[in-house]
Each structure stands twice: as C-alpha cells, then as structure tokens.
Amino acid sequence: MKNKTIYILSFIVLMGGVFSFYDLGNTPNTNVPQGLTAGAMKRFVFHDRAVPATTTKFQDESGNEVSFSDYKGKVILVNFWATWCAPCIREMPDLNNLQNDLGGENFEVVLVSENQDGIESSLKFIKDNNISNLTTHIDDNRNVARTLKTKALPTSILIDADGFEVGRLIGPAEWNSGDAKALINFVISKGKQT
C-alpha cells in the first residue's frame, strides 16, 4: 500500500512538472480557448472584462480627425509605432503582410505614429520601405497613447467590431504568423456570433 501511494504521488509530481514546461499562453479570460495566446502570441494578454476603446481623436494623413469609433463594425489591430523605434520598424513588414492577407470588410491594421515631428516623416518611411498595404495616422500630442496608458513602443491593441479593447501586446510580434491570424480570426468570428 505504501509503495502504491508513493507511486501515485510520484506520478502526480511528474505530470505537474511536464505540464509546467508546456506553454499554454497568457490567457486570463476564461472565454478564450486555452492555447490561443501561445507561440508567437504568447505575450498577447486578453482582458478579463470589456474595456471600451478611447474616443480620443487622432489624425489621418490628410489632417482629418478620426477615432476608433470610425471603424465600428470591423475588428482593428491598432499599432502604436515611431520611425525612431527599431522594434517597430522590424515588425512593420509583418503588419503590412497581415493587412494584405486579412484586411478587408472584417479587419484592418491601423497604424498610429507617435513621431513628434508631424506625420511627414512617418509617411516618408511608409513610402520608402514599400509598406504598400498600410497608411499611417498621427498622435503627435500622445493624447491617444496616454488615454490608453501605452508607455512602450511598439504596442498593439486589438479592438473588436463593437468598439471594445479585447487585449494588447507590448513589444514587437510576428503579426503575419499563423498564431496571430488564429487569434485575430477568433475575435472576428466571435463578433459574428453576437
């Protein structure tokens, strides 16, 4: 009996150790399938409750005021970036390809530049680096970034079709990966069910 108990306890400890090495991802929200934030999206954090996106205005490339409510009805990935931010530059081709692959009626990548010298340098970067599927907006007073409490670049925020912030990822990511597309498609499909 004693040997059997030791065997069972050893098995439990062994299994606990095996599962501790398996990365199930950072998913505090119980409505999100386990493992959805693993792999390339392991740093993406889903909120555990609905968070309304800010209504603070920013500007498009023509100087027109826009807000996230202008995108209502479509899932958007808002990417805060700057031309002087090396990790931002590194992930830009992935964001461009993500827009090419998933962009359309249900989804859009929305770039928001944090450059303080106006939008011209951001537009020049987009053009010079053949970022052909994206355009950029400007938040030159950092009002949107402050409202959303973004303190690091890049920061990417996923907003659902109803205008609620779903979650965010701080730092660069492989946005054109299968993991990223699975996560975004999950949010798109969840919106279609409601």
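The values are calculated or read from the model by the stated rules, or taken from the named source; none is laboratory data. Please read all numbers here as calculations on a predicted model, not as lab measurements. Virtual Cβ from ideal backbone geometry, glycine too; neighbours counted across all protein chains shown. Note: accessible area is taken over every heavy atom of the protein model, side chains too, but ligands, DNA and RNA are not part of it. Shrake-Rupley method; radii C 1.70, N 1.55, O 1.52, S 1.80 Å.
Tabulated results
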read-out	value
Theoretical FRET efficiency, 1/(1+(r/R0)^6), r = Cβ-Cβ of Asp128 and Lys72, R0 30 Å, to 0.05	0.40
Cβ-Cβ FRET estimate between Ala86 and Glu174, R0 fixed at 22 Å, reported to 0.05	0.85
Accessible-area order (highest first, 1.4 angstrom probe) of the listed residues Arg168, Arg142, Arg90	Arg90, Arg142, Arg168
Extension reserve of the Phe164-Phe186 stretch, reckoned as 0.36 nm per residue once the Cα distance is removed	6.4 nm
Heavy atoms of Val166 accessible to a 1.4 Å probe, total area in Å² rounded to 10	20 Å²
Translational diffusion of region 86-190, µm² s⁻¹ [Kirkwood Rh, Cα pairs; Stokes-Einstein; 4 °C; 1.567 mPa s]	90 µm²/s
Convex hull volume per residue for region 46-106, taking Cα atoms only, in Å³	138 Å³
Estimated inter-spin distance, Ala50 and Asn143, nm [label 7 Å along Cα→Cβ]	2.6 nm
Restricting region 102-182 to chymotrypsin sites (Phe, Trp or Tyr not before Pro) in coil, as DSSP defines it, with at most 12 other Cβ within 10 Å	none
